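Trainee: I have a structure here, written as structure tokens, and I will follow up with some questions on it.
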Amino acid sequence: MFTSKGLDPTVERGFMQGGAADTRTKMRPDMMIVEMTTAEQQQYLRHDDNSGSRMTPLTPMMSSGNPRSIKIVEGGYCSDTRYEEKLQEKGAQHKALEEALKDYGYIVTTLPIIIGQSGSQYHTTSDALAKIGVEHGPANKVMSKLHEHSVLTFHKILTSRRVLEREKTDKRRQNRPDPP
């Protein structure tokens, strides 16, 4: 959406011009899934091949006359005891973007995917994956990979912290005067 390819340029100009940079940054979701016809998908695939073909912007109405749907997916980590709070925060994070897209005529759904900081997974994660079209088997695989990534990231952060703490302790020891 926020690259040279994507939705109708008037949509991007409409809510990307003006306003604080922080607001514009917060309007950028982790992922957007835009409904496309087969012909549009083929055009975008050709364009990704750097063929130089010109793309037609994705307007709010599809060629069938139906409004185009957009799913905004936002992921986030939370402490395992603050799930509801994080779910509400992530659900509300892109309200301005959601409202702007609705004003242009798109059908918009926001799907927060929340993972506990120790890799905990919640029932809403599989529900959100199902809403974006991921079937049960692949959804379980995605959830497993999200869990693994969370645990590995947590381990990396913890290990880095311990190294920094050890270095700080070593410096203190080096700067101590010798006992008399």
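Trainee: Work out, step by step, the length gained on full extension between Val163 and Glu135: first 0.36 nm times the residue separation, then minus their alpha carbon distance; give nm to one decimal. Can you show the working numbers first?
Mentor: On the way: separation 28, 0.36 × 28 = 10.08 nm, distance 4.17 nm.
Contour length minus Cα-Cα distance gives 5.9 nm.
Trainee: Please give me, ordered by residue number, the GluC sites (Glu not before Pro) of the stretch 80-180 that lie in loop per DSSP and have at most 14 other Cβ atoms within 10 Å. Can you show the working numbers first?
Mentor: Numbers: sites: Glu84, Glu85, Glu89, Glu98, Glu99, Glu135, Glu148, Glu165, Glu167; in loops: Glu135.
Answer by residue number: Glu135.
Trainee: Compute the signed sum of charges (Lys and Arg +1, Asp and Glu -1) over the other residues within less than 11 Å, Cβ to Cβ, of Ile107. It would help to have the intermediate numbers written out before the result.
Mentor: Values: positive: Arg68, Lys71, Lys102; negative: Glu35, Glu98.
Local net charge: +1.
Trainee: Between His149 and Gln41, what length in nm is gained on full extension when 0.36 nm per residue of separation is reduced by their alpha carbon distance?
Mentor: Values: separation 108, 0.36 × 108 = 38.88 nm, distance 3.02 nm.
Taking 0.36 nm per residue and subtracting the Cα distance, the gain is 35.9 nm.
Trainee: Listed here are the pairs Lys86/Lys141; Lys86/Lys156; Lys90/Lys131; Lys86/Lys168; Lys102/Lys145; which of them are more than 28 Å apart at the Cα?
Mentor: Values: Lys86/Lys141 23 Å; Lys86/Lys156 23 Å; Lys90/Lys131 16 Å; Lys86/Lys168 34 Å; Lys102/Lys145 33 Å.
The pairs that break the limit, which is 28 Å between Cα atoms, are Lys86/Lys168; Lys102/Lys145.
Here, each number is a calculation from the coordinates, and none is a lab measurement. This one's a predicted model, so the numbers in the text were calculated from it and none came from an experiment. Note that each Cβ is placed from the backbone with ideal geometry, even for glycine, and that neighbours are counted across all protein chains shown.
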